[in-house]
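The values are calculated or read from the model by the stated rules, or taken from the named source; none is laboratory data. In this text the structure is predicted, and so the values were computed from the model without any measurement. Glycine also receives a Cβ, built like all others from the backbone with ideal geometry; neighbour counts cover every protein chain displayed. Please note that ligands, DNA and RNA were not included when accessible areas were found on the heavy atoms of the full protein model with its side chains. Shrake-Rupley method; radii C 1.70, N 1.55, O 1.52, S 1.80 Å.
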Amino acid sequence: MIEKSYLDKLEVHKGIIYKMVNLYADDEEDRKDLYQEIVFQSWSAYGRFKGDAKFSTWLYKLSLNVSLSFLSRQKKHNRTKEQSAFDHFFEPPELSERADWLYRCIKQLTEIDRSIIMLHLDGFDNTEISEMIGLSRNHANVKLHRIKQQLTTLLTRK
């Protein structure tokens, strides 16, 4: 019963995971590894999900934390890549040329700025963003404004 509930919610919100994976992992093998890690960590933590926040908000925060930890480990260790038995689970959606360009520009931002803009683009309000990232609402507003300016500059350079 709990497993079905989790899988149903995960299916509806898997786009969140794909966004994080595309933002924080550069090559296909790392994206597969990060995807698996987020799914594993979310399943492990699902029993503690109380429903105080929306599932999407909870999954975003968890995905962000796992992604940042993944990046930290990647920087510390240059590991060899192995073929995973679970490769078939990672099937990223095809991106349009415009979406691909936007992702490439967003990847040029700092790790936290990437998260803030993606949360904004996914419709989270500034209060939710500030709570997920751990900033004051005013600081989140200022950062979001500056991020938009940076992205405008990056997007118009093409």
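Here are the numbers for the structure shown:
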read-out: Among residues of the stretch 11-34, those that are within 18 Å of Lys61 (Cα to Cα) and open to solvent by less than 20 Å² (accessible area, probe 1.4 Å), counted; value: 8
read-out: Of all residues in the stretch 72-85 being surrounded by 10 or more Cβ atoms within 10 Å (Cβ to Cβ) and under 21 Å from Trp43 (Cβ atoms), the one that is modelled with the lowest pLDDT; value: Ser84
read-out: Leu59, sole failed condition from (1) open to solvent by less than 60 Å² (accessible area, probe 1.4 Å); (2) within 17 Å of the chain's Cα centre (by Cα); (3) modelled with pLDDT under 90; value: (3)
read-out: The one condition in (1) of a type outside the set (D, E, K, R); (2) at pLDDT below 85; (3) not in a helix (DSSP H, G or I) that Leu135 fails to fulfil; value: (2)
